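Structure record follows, encoded as structure tokens.
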């Protein structure tokens, strides 16, 4: 029970700290940062909206609303998928990449301050092992859930 409650409290507080820092320094919520980051890692900075929803653990409608806001800011562009007329692609624009590059150092600093700087190298390795085990237990292909593969890319394979 102590481990579970520590996890719940820690993950909730960490998410809130990341959101506050990004709102304060970059004018965007953490959810928008995650979308931009997922697009920045994709080939041609482009992902299918359905894949982006899986990678960000967001519903299609919630993601669509967020991408509409990012489009209005000029950070993301949507287009029709050329090989599937029902699919929609989201592409990170140059302006969006610039915003992400500007936001990243503060975000990384906050993650380090609230998480990694508090752990020993051995604890970081244990944390990695623990989460790999959890992800494998939630697996749906090759022991790794689709959402984790979408986030982790090749590292999850």
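Bear in mind that the values in this text are calculations on the coordinates, not laboratory data. What you are looking at is a predicted structure, and each value in this text was computed from that prediction instead of being measured. Please note: Cβ atoms are built from the backbone with ideal geometry, for glycine as well, and neighbour counts cover all protein chains shown.
On a 0 to 90 degree scale, rounded to 10, what angle separates helix 2-26 from the longest Cα axis of the chain? Orientation of helix 2-26: about 40 degrees from the principal axis.
Helix 121-137 axis versus longest C-alpha principal axis of the chain: approximately 60°, rounded to the nearest ten. The relative contact order of region 36-94 comes to 38 percent, based on Cα pairs under 8 Å that sit 6 or more residues apart.
Between region 13-27 and region 36-95, what is the separation of their alpha carbon centroids in Å? The two parts, judged by their Cα centres, are 22 Å apart.
From the coordinates of this entry, Rg and Dmax of the Cα atoms in Å is computed, and it appears in (i) 16.7, 51; (ii) 15.7, 46; (iii) 14.4, 41 under the label (i).
Report the full-extension gain for the segment residue 16 to residue 124: residue separation times 0.36 nm, less the Cα-Cα distance, to one decimal in nm. Let's see the in-between values first.
Working: separation 108, 0.36 × 108 = 38.88 nm, distance 2.12 nm.
36.8 nm is the gain from fully extending residue 16 to residue 124.
With angles folded into 0 to 90 degrees, how steeply does helix 30-41 sit against the dominant principal axis of the chain? Use alpha carbons for both and round to 10. On a 0 to 90 degree scale, this one is about 70.
Arranged from fewest to most other beta-carbon atoms within 10 Å of their beta carbon, 7, 33 become 7, 33.
For region 70-118, what relative contact order do you get, as a whole percent, if you take Cα pairs closer than 8 Å and at least 6 residues apart?
Working: 37 pairs, mean separation 13.5, N = 49.
Taking the mean separation of contacting Cα pairs over the length of region 70-118, I get 28 percent.
The order of 107, 65, 114, going from fewest to most other C-beta atoms within 10 Å of their C-beta, is 65, 114, 107. Under the criterion of Cα pairs below 8 Å and six or more residues apart, the relative contact order for region 2-118 equals 28 percent. Going 7 Å from the Cα of residue 91 in the Cα-to-Cβ direction, what parts of region 55-74 have a backbone nitrogen less than 16 Å from that spot? Correct set: 71-72, 74.
For 92, 119, what ranking results if the residue with the fewest other Cβ atoms within 10 Å of its Cβ goes first? Present the calculation step by step, with values, prior to reporting the outcome.
Working: 92 25, 119 12.
By the 10 Å Cβ count, ascending: 119, 92.
Modelled spin labels at residue 101 and residue 115, positioned 7 Å past Cα toward Cβ, are 2.5 nm from each other.
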